Amino acid sequence: MIQFEQVNKIYPGGRMALENVSFGLAPGEMAFLTGHSGAGKSTLLKLITAIERPTTGKVTIHGQDIAKMKRGDVPYLRRNIGIIFQDHNLLMDRSVYDNLALPLVIEGFKSSEISKRVEGALDMVGLGDKAAYAPIQLSGGEQQRVGIARAVINRPPLLLADEPTGNLDPKLSMDILRLFETLNASGTTVLIATHDLGLIARMRYRTLTLRQGRMVSEEVAL
Ligand code: ADP
Ligand code: ADP
């Protein structure tokens, strides 16, 4: 699903964000990506979504070489990747329903199919009764679950999360991780970037660790 081969990423200005990074994530796998602030986690995720391109080395996603992708191919790539952010980027003045429906409206789905999918996704995250609420009326944990429902609404085979539990307490963080496990169990490949080592320690998943841009090990660096 994801293949990095000797990837270097140097930003304009000379900052080496990733150095000789090689790893693979197989379809159906779930893994953590960890490392201190500045270690290169966000950069690695941006290479997967083709927001950034590798300076040297090769990034392959769904069998596609990111460096060889044309600009017009990028939306197709992104359609197959669900992304979850710490601050979830919800439209606060629209209903939960509208937040979830919007990507499907843009893709031209029929409204009957949209409501079926929105209801299915909200049920999955345990918010079946909150469709008419605005995100601002929900708790932080509920807002994050709306963000997850939105990320998976078109059933992407790959789900990326960037510090998805950054603003949540341990109990809510665990609930969010259980949700990722549910999605993973239904076949979604999941990569979760986090510096929450407590959370990682409680789960038995493969852990990729970055230190100053290098993949130091597949164990947690404590
Ligand atoms: P993390 O997500 O682990 O905190 P990042 O990937 O955001 O790490 O950053 C890795 C390094 O690259 C840091 O030194 C950061 O300052 C630098 N960096 C990130 N984005 C840019 C950019 N757009 N331009 C220049 N340097 C950047
Ligand atoms: P259908 O598959 O008939 O469209 P639903 O959308 O209600 O029906 O979903 C069926 C099952 O899949 C439910 O158990 C639901 O919780 C779960 N589900 C819903 N959305 C997703 C999703 N994006 N990824 C994985 N499972 C999902």
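The values are calculated or read from the model by the stated rules, or taken from the named source; none is laboratory data. Since we're looking at a predicted model, the values are computed, not measured. Note that each Cβ is placed from the backbone with ideal geometry, even for glycine, and that neighbours are counted across all protein chains shown. Remember, those area values only see protein heavy atoms, side chains included, never the ligands or the DNA or RNA. Shrake-Rupley method; radii C 1.70, N 1.55, O 1.52, S 1.80 Å.
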>> Pairs on different chains or at least eight residues apart, Cα atoms closer than 23 Å: how many lysine pairs in region 2-216 fit?
In response: 15
> Any idea how far the Cα center of region 154-178 sits from the one of region 24-68, in Å?
Replying inline: 18
>> Using a 1.4 Å probe on the protein heavy atoms, what percent of the accessible area of region 1-58 belongs to carbon and sulfur?
In response: 49
>> If I ignore ligands, DNA and RNA and count only protein heavy atoms, how much of S22 is accessible to a 1.4 Å probe, in Å² to the nearest 10?
In response: 60
>> List the trypsin sites (Lys or Arg not before Pro) within region 166-211 that DSSP assigns to loop and that have no more than 16 neighbouring Cβ atoms inside 10 Å.
In response: R202, R204
> By DSSP, what percent of the beta bridges with both residues in the chain are antiparallel, rounded to the nearest 5?
Replying inline: 45
